[in-house]
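Single-structure report; data block below.
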Amino acid sequence: MILREIIHLASGKMLTDVEDLDIEVKGGYTADLMSDVLASIQPDAILLTGLCNPQVVRTAQMADIRAVIFAGGKQPTSDAIDLANEEKLPLISSPYGLYELSGRLFQSGLPSLKKI
Amino acid sequence: MQEEKVFTNRETVITDSVAQNITKVEELSYELMVKDVMASNIRVVEPEMTMAVVMELFRKHRISGVPVVVDGNLNGIISLEDLIRCLQKGDLQSRVKSYMSSNVITINSYDPVVKALEMFEKSHVGRFAVLDTEGKLTGIITKGDVTRGLLRALHTRFQEEEIRRYRASHLFEDIISDRTSLILRYYTKPHDIMKGGQASSNIKRALLRLGADPQLARRCGIAIYEAEINLIIHATDVGYIRVEIEPHQITMKVNDNGPGIENVEQALKPGYSTASEEVREMGFGAGMGLPNIKRCVDKMTIDSTPGKGTHLELKIFVKKDTAKSKQEE
């Protein structure tokens, strides 16, 4: 699914200055524990999380995550946004809670990218 | 409302590569100066010359405008349109001064190219006279000069980048020894969680630049990131990460001087953690660090003495063609 479409489904607001919204995202993964993400996310996923610090951006970089959506209208710290701009990682804020956000994307055909 | 915002650009099809080039051109237009792209070897005419001379000059050199100069000082500019006006009247014997526009737009040679672009946009004039720091005419700039200058700069930069990438990825082939390795060293500050991941980020980037398989770079990145976070969370003093890159293997050593792990076997169990609430708030300390590291590497050795420190050694073997053979389980 194209990032632009995911942002639409999430009623998302861009938090970084990434211009290219036509990135291909293979699936999604929801977690608040970064070790869980590192342990079992597959490459090219979008991460849905409630965690709002720079480590989310670092984790995304290590695990080849294409974009991050912060659920529940949460705003990451400015350090996190600066780092994401530096690393060209799109950060998005969605008003939906983690459960509903995951459900909406999954139902629209975005598969789970958790390693089995 | 938010939806509208996101979809406003939908009509414009901008692919990754186009977007990249646009920003590069924009960058260049700020970096390059007018003097870098202008035509400096220019022809000039004087106000008392006839329009017939101008026509001959335009025809012979295939140009469409020249500055009018008296003793090196800019007096006006005469363009193809002025010549056409003159030709319509059959007035080729009249003087340049009666057809030239004396209201010449000028730009300084040390102005950035982006300024010229803005001025072209605003003025709808095809060429500007370029003045040096003393106010003397030093060149002419047209939109064509800007385009050519930008393309030339883009091309040079592209070649430089290619050479850099080539050099990095051929490092091991170009340097001959019985055993070549590249060593990267990083130091971490204890409890500086906000900075956590900087070293790992640089290590992963270095591996990719050296031409490592992305899957391999990802495994190294995840393993060293967990180790770096551990170092920051637990070490009481400066932590030390040493990565030795060789064509056949990557050896990562992560050392600290304390406090050491009381029970290594327990620390290896998924879910076991001694991390503080602060660390947990950062999304770590769930007792998955060491198990995660172990999963990503081919060999893990941990040597820890309580009160003295912990030495972690991680090895990832690079197998040609089968670099992906050990996927993360």
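The values are calculated or read from the model by the stated rules, or taken from the named source; none is laboratory data. These figures come from a predicted structure and were not determined experimentally. Here the Cβ is made from the backbone with ideal geometry for all residues, glycine too, and neighbour counts use every protein chain on show.
Return a yes/no flag: does the range A:82-90 have any residue that is polar (S, T, N, Q), within 19 Å of A:K13 (Cβ to Cβ) and surrounded by fewer than 19 Cβ atoms within 10 Å (Cβ to Cβ). Among the residues of the range A:82-90, at least one is polar (S, T, N, Q), within 19 Å of A:K13 (Cβ to Cβ) and surrounded by fewer than 19 Cβ atoms within 10 Å (Cβ to Cβ), which makes the answer yes. Consider B:L131 carefully, then state whether it is under 30 Å from B:V44 (Cα atoms), in contact with a Ser or Thr (Cβ under 7 Å, 6 or more places away or on another chain) and either modelled with pLDDT of 85 or more or not small (G, A, S) (or both). It is true that B:L131 is under 30 Å from B:V44 (Cα atoms), in contact with a Ser or Thr (Cβ under 7 Å, 6 or more places away or on another chain) and either modelled with pLDDT of 85 or more or not small (G, A, S) (or both). In the set (1) outside any strand (DSSP E or B); (2) at pLDDT 90 or above, A:I116 fails one condition alone, (2). Scan the range B:69-80 and give yes if some residue there is in contact with a helix residue (DSSP H, G or I) (Cβ under 8 Å, 6 or more places away or on another chain) and closer than 30 Å to B:E27 by Cα, otherwise no. Checked against the condition, which is being in contact with a helix residue (DSSP H, G or I) (Cβ under 8 Å, 6 or more places away or on another chain) and closer than 30 Å to B:E27 by Cα, the range B:69-80 yields no hits at all. For the range B:251-264, the criterion of being assigned to a helix (DSSP H, G or I), modelled with pLDDT of 90 or more and of a type in the set (S, T, Y) is met by no residue. When each of B:K319, B:K269 is tested for being modelled with pLDDT under 85, assigned to a loop (DSSP other than H, G, I, E, B), among the basic types (K, R) and surrounded by fewer than 19 Cβ atoms within 10 Å (Cβ to Cβ), the lone residue that passes is B:K319.
Residue selection: B:G221 fails the criterion of being within 25 Å of A:K115 (Cβ to Cβ) and part of a loop (DSSP other than H, G, I, E, B). Give the residue that is modelled with the highest pLDDT, with candidates limited to residues of the range B:184-211 that are under 23 Å from A:P43 (Cβ atoms) and away from every other protein chain (no Cβ under 13 Å). Result: B:A206.
For the range B:70-113, a tally of residues being surrounded by 17 or more Cβ atoms within 10 Å (Cβ to Cβ), of a type in the set (A, V, I, L, M, F, W, C) and within 18 Å of B:E46 (Cα to Cα) returns 8. Under the condition of being surrounded by 19 or more Cβ atoms within 10 Å (Cβ to Cβ) and more than 9 Å from every other protein chain (Cβ to nearest Cβ), which residue from the range B:274-299 is modelled with the lowest pLDDT? So, considering only residues that are surrounded by 19 or more Cβ atoms within 10 Å (Cβ to Cβ) and more than 9 Å from every other protein chain (Cβ to nearest Cβ), the one modelled with the lowest pLDDT is B:V279. Only one of these is of a type in the set (K, R) and more than 18 Å from B:I222 (Cα to Cα): B:K299, B:K315, B:K308, B:K294. Name it. B:K308 is the lone residue from the list that is of a type in the set (K, R) and more than 18 Å from B:I222 (Cα to Cα). Being at positive phi and touching a residue at least 40 places away in the same chain (Cβ under 8 Å): is that true of A:S94 here? For A:S94, the condition - at positive phi and touching a residue at least 40 places away in the same chain (Cβ under 8 Å) - is not met. Would you check which residues across the range B:46-69 are touching a residue at least 24 places away in the same chain (Cβ under 8 Å) and either closer than 21 Å to B:E134 by Cα or loosely packed, with under 13 Cβ neighbours inside 10 Å (or both) and list them? Hits for the range B:46-69 are B:E46, B:E48, B:V66, B:P67, B:V68, B:V69.
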